[in-house]
Structures are given as C-alpha cells and as structure tokens.
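Trainee: Supplied in structure tokens, the structure appears directly below.
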Ligand code: GLU
C-alpha cells in the first residue's frame, strides 16, 4: 500500500449544526492528506433517516470552507467515486449485502423487536453478554429464509461474525489493538427499512472510494473488528486505522451539545477566527515537534505525523481558545481584520448596513485603536462604541 496515493475521508452525519468534532477530524485528515500529497474526501453518512436534517448537509461543507479545509471530493464538489452521499448509493449496499448472504457470511433475520427485547432480558437476567442468539441462523434453512424474504416478510440482514479467534490491528496512534471475536455481536448490515447500517455502508464506501487510511474518533474503535471482518469477507484489502482521542471538558466529561460550543456556528457567532480555531484544535491531542503553541495550518501539514498524538482525552479549554484568538486578532493587518469585524458593528447598530467608504475608513481607525485588546470579534462593538458617540467628551 506504500506507493498508493493517500486518500482519507471524513464521514459526518448531517443531523444538526456542523459539529466541532467534524472540524477536529477534518483538520487532521486534511493535514495528513496534504502532508502526503493525497486527497481529502467528504462523504455524508446520512443512512440514519430518523436523525437526518437536510440543511445540515450543506452547512457541513460551508463550515469546512470557512475553516479553509476544502475537500478534494465530496457532495456539491463531485469526484471520480461519487455520489458522496450515502442515501444516493443504496443499490450498492444491497448488492454487496446480497453477495455476503449468498456466500454464507451474512443471513436474514426475522426476529421482531419484542422477541429481541425478551432475548436480551433473559441474557441480562442470566448475567450473559447481550448479543443476538442466532435463532434465525440456526432454526431456518437458507431456502426457508429466502422464501420468507420473497413472500415479503419484514427482515434485516446480519453479518455472521466468526465465533473463534481474535481480530488484531495496528492502530497508527495506539499500536496493537485486539478484540475477541466471540464477544462481537452479529451486526445488522441492512435494516428493516432497507437502509444499510453505518457498518456496511462505511466498509463498502471506504473500499469503493479507495480510502487508504481511516482516521476517526476513538468511539469507533470497537467497530473496527467488525469492519475488518467485512473487508476480509469481501476479499478486499483493508485500509489502515488511526483512532483519535475524544475531546473532553475540563471536568473530563465528553463535550456535549448542551453547552452550545459543539456547533461550529457558535464559534462564528462568538467572533472566533477560523485560523485561531484550527490552531486550537491542532493542540488538542497533537503536539508540535518544537512544542510551539502558535502555528498555522501549513506548519501542521509540514510536521504532521501520527506519532505526535497522545491518547489521553485532550481538554477543551475555551479560555485558551480566547487567548489564542486574541493572538491571531493582534497579528492581522487592519485591512484583513476590518471586513471580519464590520458585520459585528452592523449587527450592534454602530454602523449602518452597507456603510459608505468614509464610515468604513473611520471604523477602521477605531478598530485599529482597540485591536490590542480584543480576544473575539464580538468584543469590538463594546470596545469602539464610545468613539462613535457624538456626545463623548
Ligand atoms: N458517521 C460517523 C461519524 O459521524 C463516521 C465514523 C467514521 O469515520 O467511520 O462519526
């Protein structure tokens, strides 16, 4: 795989506002791709129809552009392996799931929700691991199962996970990681609504899109043995894996939507500069070889290696972000700073919408006077308003 060009992807689910975790994953995938002269791909994982949100798909791309992490291939961009939206690729997933059923690597399951709930309750009561007991695999012949499917019986397709052995892989950040196969459930691949699960869709797409490295959040690490097993069942070469640490609050809790700052729109509204946010995210879990705190995207690209990651959950410290943001604000030339501040002055009613050049020139002088103090673009209206007050002594 060494002479294959590097191709990486992020696969966010469009379920709400663009998430800061998407920016975090995007940043390192982008830096890794650029470091190796490879490609960075955006793919939308919208197979969970209950959580789907149509406007969020476009907002993800907009947010990546705001950050300067423009994908090489993706929805609205195109590319040789499209479409890049999973709900537009359904026929592919059914085709590959059928292939696994035909080869005996997957099977139809007709168990109802109620039956599965009873099964789980009994397993829990007995102190056993809760996993599918394979009733449909062991009590139905393949012919019977196929006939029920033809007759229109509601069903899912499950993968037949090997019950022996261990799946081991070399994580580029964590080293050797092993899972006992007997503890891995027969994962559903195709749901009753005909949609694939994340697991099937991601493996099929990572193969068809020629992804060489899957670099994603730590929460997916336990899915990796399932994915590796699927790659093997299909007879496909598996990509390499790296699992990043999860971002945490100062009290070690996982950053959550409730606090607001998971949405990238929050940073825009708070007047955080995209270059400061990138620098801040780059410092979470990764460290510069010279221990520098302030460095730009190009410097991250030049120095990027997985070895520079540390696996303990990095702390998401918004005070540090504000400090960094101040550093970046001070470093901007006034002609670059002004257009970024202008919308905040208009919103605060200090400038009228579409200010004339004289007003802009005056506002620029005011901003330059206060540039040293601001730690966010949102602070400028308060910092400069007295200069716009005709009664100010
Ligand atoms: N849709 C998953 C997520 O949002 C993708 C995980 C992966 O990269 O495989 O985290």
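Trainee: Please enumerate the residues belonging to the range 207-223 that are touching a residue at least 40 places away in the same chain (Cβ under 8 Å) and either within 8 Å of the ligand (Cβ to nearest atom) or not in a helix (DSSP H, G or I) (or both).
Mentor: The answer is 209, 210, 211, 212, 213, 214, 215, 216, 217.
Trainee: Counting only residues that are under 22 Å from residue 190 (Cα atoms) and over 11 Å from the mean Cα position of the chain (by Cα), which one in the range 26-54 is surrounded by the fewest Cβ atoms within 10 Å (Cβ to Cβ)?
Mentor: Checked the range 26-54; the qualifying residue surrounded by the fewest Cβ atoms within 10 Å (Cβ to Cβ) is 50.
Trainee: Against the definition (touching a residue at least 40 places away in the same chain (Cβ under 8 Å), within 15 Å of the ligand (Cβ to nearest atom) and either farther than 17 Å from residue 45 by Cβ or surrounded by 14 or more Cβ atoms within 10 Å (Cβ to Cβ) (or both)), how does residue 153 come out, yes or no?
Mentor: Judged against the criteria, residue 153 is not a match.
Trainee: Please find, within the range 190-203, the residue that is surrounded by the most Cβ atoms within 10 Å (Cβ to Cβ) out of those that are over 30 Å from residue 281 (Cβ atoms) and within 15 Å of the ligand (Cβ to nearest atom).
Mentor: Checked the range 190-203; the qualifying residue surrounded by the most Cβ atoms within 10 Å (Cβ to Cβ) is 200.
Trainee: Another one. So which residues in the range 167-185 are closer than 30 Å to residue 149 by Cβ and free of Cβ contacts under 8 Å to residues at least 60 places away in the same chain, if there are any at all?
Mentor: 181, 182, 183, 184, 185
Trainee: Turning to a different aspect of this structure: Does residue 284 meet the test of being in a loop (DSSP other than H, G, I, E, B), modelled with pLDDT under 85 and touching a helix residue (DSSP H, G or I) at 6+ places or on another chain (Cβ under 8 Å)?
Mentor: Spelling it out, it is not the case that residue 284 is in a loop (DSSP other than H, G, I, E, B), modelled with pLDDT under 85 and touching a helix residue (DSSP H, G or I) at 6+ places or on another chain (Cβ under 8 Å).
Trainee: Output the number of residues of the range 10-25 satisfying the condition of being under 9 Å from the mean Cα position of the chain (by Cα) and either more than 19 Å from residue 55 (Cβ to Cβ) or near the ligand (Cβ under 9 Å from one of its atoms) (or both).
Mentor: Looking only at that region, the number is 9.
Trainee: If you don't mind, there's one more thing I want to ask. Every residue in the range 225-265 that is at pLDDT 95 or above, in contact with a helix residue (DSSP H, G or I) (Cβ under 9 Å, 6 or more places away or on another chain) and assigned to a loop (DSSP other than H, G, I, E, B), please.
Mentor: If the condition is that a residue be at pLDDT 95 or above, in contact with a helix residue (DSSP H, G or I) (Cβ under 9 Å, 6 or more places away or on another chain) and assigned to a loop (DSSP other than H, G, I, E, B), then 236, 237, 238, 239 are the ones that fit.
Trainee: Which numbered condition in (1) touching a helix residue (DSSP H, G or I) at 6+ places or on another chain (Cβ under 7 Å); (2) buried (at least 17 other Cβ atoms within 10 Å of the Cβ); (3) more than 21 Å from residue 328 (Cα to Cα); (4) modelled with pLDDT of 95 or more is the only one that residue 209 fails?
Mentor: Exception for residue 209: condition (1).
Trainee: How many residues are farther than 19 Å from residue 22 by Cα and more than 10 Å from the ligand (Cβ to nearest atom) when one looks only at the range 224-248?
Mentor: 15
Trainee: If you don't mind, there's one more thing I want to ask. Scan the range 23-54 for residues that are more than 18 Å from residue 306 (Cα to Cα) and in contact with a helix residue (DSSP H, G or I) (Cβ under 7 Å, 6 or more places away or on another chain) and report the count.
Mentor: 6
Trainee: From the residues in the range 26-48 that are outside any strand (DSSP E or B), within 14 Å of the ligand (Cβ to nearest atom) and farther than 21 Å from residue 280 by Cβ, which one is modelled with the highest pLDDT?
Mentor: Among those that are outside any strand (DSSP E or B), within 14 Å of the ligand (Cβ to nearest atom) and farther than 21 Å from residue 280 by Cβ, it is 43.
The values are calculated or read from the model by the stated rules, or taken from the named source; none is laboratory data. For clarity, every value in this text was computed on a predicted model and none was experimentally measured. When we count neighbours, we look across all protein chains shown, and the Cβ atoms used for this are built from the backbone with ideal geometry, even at glycine.
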